[in-house]
Amino acid sequence: MNILLAGASGFIGRNVEAALTAAGHQVKPLSRRHGIDVCRMQAPADWLPYLQGVDAVINSVGIIGESGSQRFAPLHTLAPAALFRACSHAGVGRVLRSLRWAPMRRRFRPTI
């Protein structure tokens, strides 16, 4: 299976990537370490090029505290909502969001 793994360089993502690769899956990693700033991916069109040939998506992007340009709203709300809409447009029906606990000011309610 071809899997897009957003947040591939984080604690959860790197462990998920290792397990998926060991199980024989093809992983397309996406993270700041891979040159992609998810904070800036707030529209479905930003995600669509990365979804080509993908069977499933795992979103493990998340922070436990804000610092620099890393803010809760873009990473935990805006970018995931755009990713989920892009998955819908691209026909990717298998989507998993794995997120460690982090304080949220507002409850996330996706509009897909």
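FYI, it's all coordinate maths here, none of it is from the lab. Keep in mind it's a predicted model, so treat the numbers as computed, not measured. Quick reminder, even Gly has a Cβ in these numbers, built from the backbone with ideal geometry, and neighbours come from all protein chains shown.
Take the Cα gyration tensor of region 2-97, multiply each eigenvalue by 5, square-root it, and list the three semi-axes largest first, rounded to whole angstrom.
Values: eigenvalues 78, 58, 20 Å².
So the equivalent ellipsoid measures 20, 17, 10 Å along its semi-axes.
Enumerate the calculated ³J(HN,Hα) couplings along region 18-25 in order (Karplus 6.51 cos²θ - 1.76 cosθ + 1.60, θ = phi - 60°), each rounded to whole Hz, writing x wherever the residue is Gly or Pro.
4, 5, 5, 5, 4, 7, x, 7
If each residue's Cβ is checked for other Cβ atoms within 10 Å, how do SER88, SER98, SER31 rank with the fewest at the top?
The most exposed by this proxy come first: SER88, SER98, SER31.
Which percentage, to the nearest 5, of the DSSP beta bridges contained in the chain is antiparallel? Could the numbers behind the result be given before it?
Working: 1 of 14 bridges.
Taking every DSSP beta bridge within the chain, about 5 percent pair in antiparallel fashion.
Per DSSP H run of at least 4 residues, take -39500 (n - 2.57); add these up for the chain, divide by its residues and hand me the 222 nm value, nearest 500 deg cm²/dmol.
That comes out to -7000 deg cm²/dmol.
For region 40-48, what does the Karplus curve 6.51 cos²θ - 1.76 cosθ + 1.60, with θ = phi - 60°, yield as ³J(HN,Hα) per residue in whole Hz, taken in order and with x for Gly and Pro?
Running phi through 6.51 cos²θ - 1.76 cosθ + 1.60 with θ = phi - 60° gives 8, 9, 10, 10, x, 4, 5, 8, 3 Hz.
With a ≥ b ≥ c taken as the square roots of the eigenvalues of the C-alpha gyration tensor of region 19-66, please select rounded if a/c is under 1.5 and otherwise prolate if a/b is larger than b/c or oblate if it is not?
oblate
Arrange GLU66, GLU17 by Cβ neighbour counts within 10 Å, fewest through most, would you?
GLU66, GLU17
So if I place +1 on the C-beta of Lys and Arg and -1 on the C-beta of Asp and Glu, and nothing else carries charge, what would the dipole magnitude of region 2-97 be about its Cα centre? I want it in debye, nearest 20.
Dipole about the Cα centre, nearest 20: 40 debye.
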